[in-house]
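**Q** Provided herewith is a single structure, encoded as structure tokens, for subsequent inquiry.
The values are calculated or read from the model by the stated rules, or taken from the named source; none is laboratory data. None of these values were measured; they are calculated from a predicted model. Every residue, glycine among them, receives a Cβ derived from its backbone with ideal geometry; neighbour counts consider all protein chains shown. With ligands, DNA and RNA removed, areas are computed over all heavy atoms of the protein, side chains included. Shrake-Rupley method; radii C 1.70, N 1.55, O 1.52, S 1.80 Å.
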Amino acid sequence: MNNLTGTAFPHRRIKSFARRSGRMTLGQRKGLETCLPQYLWPDKPEESLQRIEGLNKPLILDIGFGMGHSLVWQAENYPQYHFLGLEVFLPGAARLASLLKEKNIDNADIFLSDVSLFIEDLLPPSCLSGVQLFFPDPWPKKRHQKRRLLQADFLERVQLRMKPGAFLHFASDWMDYSQNVASLLTDSKNFGWQRNSGVEVPARPKTRYEERGLLQGHEIRDIIAFLEKRQDQ
């Protein structure tokens, strides 16, 4: 499988993203060529499992890190965790890799893929201590909302990869999306609002998407829930 495109995955699902290569600056292209390879997560199941087993820190999955500034800030301020960032925006991954190398950060990795395919093919059960989705694409038009990532089917799949007590942290400036997520977690028999493990939920810095939402008069909402039991238990 080509871990820069994910085209070898055989599954077909409704995409929650539009793949964007974008124009890259000279700095981003340098990051792609010289920095990204050393931070790429393995793209084979057995190698991914070995990577997880070799970590001596709880693993946090960060979905859609954009240009990577938030993930870098967290990795710097929470060295007790290992962060795995997923993104489909190649210039963003190149920029993140450059920042990680510049700051000599060794508790973060990168994978370019649709998260639904990644969690099913490369993550074993009960390996995640946390899952983060900060300002995912809201797909605001009603006819497109089926493309929103955090829905019941995704929640069922991702919870199988989460440890009991693991957190799910969602942030958005779209109120109806936040309300839908809150209702989804409230209705779930497996998630609750009280922390029941020693896992600390990392704080997050303000992102440019958040600042843009505030300028547009949007309300920012953070939702944090904890896995009390898995669907298969």
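**Q** Is there a quick way to get the dipole size of the chain? I mean about its Cα centre, with the Cβ of Lys and Arg at +1 and of Asp and Glu at -1; what is the value in debye to the nearest 20?
**A** Values: 32 positive and 27 negative charges, 151 e Å.
In total the dipole reaches around 720 debye.
**Q** Another one. Would you please put 210-216, 146-152 in order of how densely packed they are, using the mean number of other Cβ atoms within 10 angstrom per residue and starting with the highest? Please report the intermediate quantities before stating the final value.
**A** Values: 210-216: 12.9, 146-152: 16.4.
The packing order, highest mean first, is 146-152, 210-216.
**Q** Multiply the residue gap between K101 and Q194 by 0.36 nm, knock off their C-alpha separation, and tell me the result in nm, one decimal place. Please report the intermediate quantities before stating the final value.
**A** Numbers: separation 93, 0.36 × 93 = 33.48 nm, distance 3.65 nm.
Separation in residues times 0.36 nm, less the Cα-Cα distance, equals 29.8 nm.
**Q** So, for the chain, what is the accessible surface per residue at a probe of 1.4 Å, expressed in square angstrom?
**A** Value returned for the chain: 50 Å² of accessible area per residue.
**Q** Please report, in whole Å³, the volume per residue of the convex hull around the C-alpha atoms of the chain. Don't skip to the end; give the middle numbers.
**A** Working: hull volume 30.2 nm³, N = 233.
Here the figure is 130 Å³ per residue.
**Q** In whole Å, how far is the Cα centre of region 38-77 from that of region 172-233?
**A** Rounded to whole Å, the Cα centres lie 20 Å apart.
**Q** For the chain, modelled as a Gaussian network with Cα springs under 10 Å, which listed residue fluctuates most, Q132, Q194, Q159?
**A** Q194
**Q** In whole percent, how big is the carbon plus sulfur part of the accessible area of region 72-136, probe 1.4 Å, protein atoms only? Walk me through the intermediate numbers first.
**A** Details: 790 of 1740 Å².
Percent of accessible area from carbon and sulfur atoms in region 72-136: 45.
**Q** If M162, M67 are ordered by their accessible area, calculated over protein heavy atoms with a 1.4 Å probe, which sequence runs from highest to lowest?
**A** Working: M162 0, M67 40 Å².
Largest accessible area first, the residues go M67, M162.
**Q** Taking a spot 7 Å from the Cα of L40 along the direction of its beta carbon, which residues of region 47-70 have an amide N less than 18 Å from it?
**A** Residues 47-52 qualify, since their backbone N sits under 18 Å from the label point.
**Q** Kindly identify region 126-186 as rounded, prolate or oblate by the Cα gyration tensor criterion: order the square roots of the eigenvalues as a ≥ b ≥ c, call it rounded if a/c is under 1.5, otherwise compare a/b with b/c, prolate if a/b is larger, else oblate. Please list the in-between numbers first.
**A** Numbers: a/c = 2.24, a/b = 1.88, b/c = 1.19.
Prolate is the answer for region 126-186, as a/c is 1.5 or above and a/b outweighs b/c.
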